[in-house]
Amino acid sequence: MSDPHVTRLFGGPGSGKTTALLDRVDEMLDDGVAVRDILVVSYTRAAAAEIRERLAERLDRSPKSLKGNVCTMHAKAYELLDLSRGDVVGEEHKKEFCESYGLDFEGEYDSNRRRSATSTTMGNKVIATSQWLQRTRRDVADWYDVPFQWDVEEVRLPPDIDPNAQTGNKYTPTWSSDDDRLDVPEAIRAWRAHKGEEGVVGFADMLERVKQRSLVPNVDHLVIDEFQDITTLQHEVYEEWKPHMESVLIAGDDDQVVYAWQGADPALLLEADPDEDVVLPNSYRLPSNVLNVVNRQIRHITERQEKDLKPRKEGGSVEAVRSPSMLDLVRNVRDTIETTDEDTVMVLFRARYQLFQFMEEFTSLGIPYTSLTDMRMWTDRLEGYVRAIEKTEADEHMTGLEARRLAEMLADSAFGTGERDDLFDALDDLKERNDARLEDFEVAPDFVQEYAPFTPGPASAADMLTRTSNFQERSVKAYFDGPYAGMDADRVRVGTIHSAKGREADHVFVCTDLTEKVVEQMAASVEEGDLPEGVTFEKGTDPVPVLTDNERRVFYVGMSRARERLVVLENLIDGAPTLPIDVLINNAPSETTLDELMEEAQRPQEAVEGAAD
């Protein structure tokens with residue numbers, strides 16, 4: 001074991017943090033370090049995939065070949081423990097436990113399809129609390145520290161605050177025999193026992209085992225990106241690995257924590273003791289007016305690393321709108337697309353169900369768009385299908401890949417008496433004969449129609465789709481009925497704020513409406529002293545009077561995606577708890593008009609402070 005050289009890299013929004021990280025990896029390679037001796041860890045699979053692709057491009061090799069060297073910490077734990085897919089907790093295990101224990105449970109698929117807001121179900125709360133305790137290295141008896149609010153009518157609270165408790169403390173509470181409320185610690189222990197009986201492990205269990213067994217990757221150099229989002233448990237694994245390394249690079253931005261609800265702790269980045277600190281000085285994304293607003297918004301967090309970013313350019317615009325309708329937003333996005341040539345648009349919401357409401361209205365316009373979440377919209381497959389339909393109608397050649405997408409997505413009836421696999425085989429033969437990738441050679445429409453004689457035209461293209469979502473079918477129909485033929489679906493992207501991390505667009509629309517679950521977590525963590533005098537903050541408080549640090553960081557991420565124009569929308573979603581724009585910017589309600597508020601927010605902070613003096 002050694003005392004490695006540790007570098008801490010701070011990178012604000014658009015500062016080129018990932019590029020700087022890859023440059024450091026390049027320097028190692030130039031110094032003779034083999035890529036197999038470097039491990040790059042990122043927090044999410046999507047982030048790891050992006051780094052893997054960018055590094056593979058630099059090294060002129062396939063991303064797949066780097067999978068063992070660029071991955072999430074959980075993926076590396078999975079490898080070190082030599083697990084298989086059947087060893088990992090799935091939705092079926094959670095559902096089975098909750099049914100046997102008499103708890104309501106909402107699966108991931110159910111929550112993705114949900115069109116309205118709701119608080120977390122009890123089964124989900126119990127399982128999430130168990131995971132949170134593992135990630136933050138707390139005992140089961142500390143379950144009440146989790147950022148949820150619990151109903152005393154449903155749950156036995158800690159004995160020092162539960163009016164129905166008899167004797168004991170949080171470790172040994174006692175209750176009357178007729179008290180049939182849920183005992184959360186008991187339920188957590190039952191869930192953990194259920195995992196043991198089924199022989200499966202969750203992500204937190206994997207990391208615990210890696211730490212307990214002192215399993216260390218066989219590399220000499222460790223790079224961890226998005227370090228601000230790691231949990232206490234992940235940090236312990238990092239501390240286990242660090243002494244075995246020659247060098248360590250940790251990179252992140254404490255202002256961009258978006259996984260606090262999973263136990264992420266920015267203090268782990270702020271309190272690291274590196275040998276070298278690097279703070280990237282420039283934002284290559286944000287214009288000055290947007291940068292001034294996001295700086296003003298984030299300054300309410302006292303424990304943070306000051307970045308003092310320089311803007312990409314002077315100018316940019318920030319707009320704020322109170323109580324717009326969803327139709328107003330849809331029209332604003334449409335007008336932005338129609339009045340610019342190639343400008344990109346991003347529309348961000350705090351929760352998926354809010355996103356659905358936008359999609360219901362927006363899809364009918366016929367503008368192609370992609371989803372930043374895992375919801376299927378204009379995917380690469382659908383884009384290829386549409387382009388193949390257009391080229392067939394125009395009697396133009398299409399790429400082999402577009403023909404493949406057409407074959408994948410057409411209904412069986414399009415192939416007449418033939419088989420879908422016949423077209424696949426014919427394309428594979430051409431690929432082999434041309435010694436080229438599918439996207440690198442072309443085929444004529446007649447070639448496709450030989451195998452799919454009933455290939456539809458634009459008017460029936462949506463009706464002939466198979467294995468697609470309702471949104472995809474409606475969007476294709478509206479596209480072919482509308483005036484947006486040939487438009488790149490990547491010009492408009494929609495998603496949650498969390499899904500926008502690491503991305504950017506020219507025009508960014510951020511909806512500030514919250515969810516019951518978020519307000520519940522905020523109310524549970526706000527101290528009375530943090531509230532304005534005479535103001536209370538409870539589970540059902542609407543609008544919210546203050547913003548917690550964790551939520552402030554989430555909105556900072558969303559707002560800092562904008563390259564040219566930022567539009568902040570308050571009270572857009574009917575029935576959703578409202579985050580007022582003045583609370584977002586100034587952390588307190590005010591009597592200032594919206595125009596005055598935004599005008600002041602776009603001024604440099606030193607100018608605002610000088611005027612106040």
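The values are calculated or read from the model by the stated rules, or taken from the named source; none is laboratory data. Not measured: the values here are computed from a predicted model. Cβ: placed from backbone, ideal geometry, glycine included. Neighbour counts: every protein chain shown. SASA here: full protein model, heavy atoms, side chains in, ligands and nucleic acids out. Shrake-Rupley method; radii C 1.70, N 1.55, O 1.52, S 1.80 Å.
Partners of LYS310 within straight-line reach, counting lysines whose Cα lies under 19 Å from its Cα and excluding those fewer than 8 residues away in the same chain: LYS17.
Ignoring ligands, DNA and RNA, what percent of the accessible area of the chain is carbon or sulfur (1.4 Å)? With neighbouring chains kept in place, the figure for the chain is 42 percent. A 1.4 Å probe run over segment 439-574, with the rest of the protein chains in place, finds 40 Å² accessible per residue.
Counting 0.36 nm for each residue step from GLU306 to ARG213 and taking away their Cα separation leaves a gain of 29.6 nm. Here the Karplus curve 6.51 cos²θ - 1.76 cosθ + 1.60, taken at θ = phi - 60°, turns the phi angles of segment 325-339 into couplings of 8, 5, 5, 4, 5, 4, 5, 5, 5, 4, 5, 5, 5, 6, 9 Hz, with x standing for Gly and Pro.
Net length available on complete extension from GLU79 to ASN434 is 124.0 nm, with 0.36 nm assigned per residue and the Cα-Cα distance removed. Spatially, segment 178-209 and segment 138-155 are offset by 15 Å when compared through their Cα centroids. In whole Å, how far is the Cα centre of segment 310-359 from that of segment 454-518? Comparing the Cα centres of segment 310-359 and segment 454-518, I get a distance of 14 Å. In percent, how large is the relative contact order of segment 341-404, given Cα pairs closer than 8 Å and 6 or more residues apart? Here the relative contact order equals 17 percent. Here segment 210-280 is treated with +1 on each Lys and Arg Cβ and -1 on each Asp and Glu Cβ, and its dipole about the Cα centre works out to around 460 debye. Measuring against 26 Å, Cα to Cα, the residue pairs LYS64/LYS477; LYS307/LYS501; LYS95/LYS501; LYS125/LYS307; LYS67/LYS211 contain LYS64/LYS477; LYS95/LYS501; LYS125/LYS307 as the ones spanning a longer distance. In the full protein context, segment 245-337 carries 42 Å² of accessible surface per residue, based on a 1.4 Å probe and ignoring ligands, DNA and RNA. Taken about its Cα centre, segment 39-103 carries a charge dipole of roughly 360 debye when the Cβ of each Lys and Arg holds +1 and the Cβ of each Asp and Glu holds -1. For segment 6-28 versus segment 235-256, the spacing of their alpha-carbon centroids is 14 Å. Helical runs assigned H by DSSP (4 residues or longer) give the chain a calculated mean residue ellipticity at 222 nm of -12000 deg cm²/dmol, each run adding -39500 (n - 2.57) before division by the residue total. Summed over the residues of segment 49-99 and divided among them, the accessible surface reaches 58 Å² per residue at a probe radius of 1.4 Å. Only one residue of HIS235, PHE203, VAL257 has its Cα farthest out toward the positive end of the dipole of segment 203-268, where Lys and Arg carry +1 and Asp and Glu -1 on Cβ, and that residue is PHE203. Please give the residues of segment 316-356, grouped as numeric ranges, whose backbone N is less than 17 Å from a label point set 7 Å along the Cα-to-Cβ vector of GLU599. 317-321, by backbone N distance to the label point. Taking the Cα centre of segment 326-388 as reference, the dipole from Cβ charges on Lys and Arg (+1) and Asp and Glu (-1) amounts to some 320 debye.
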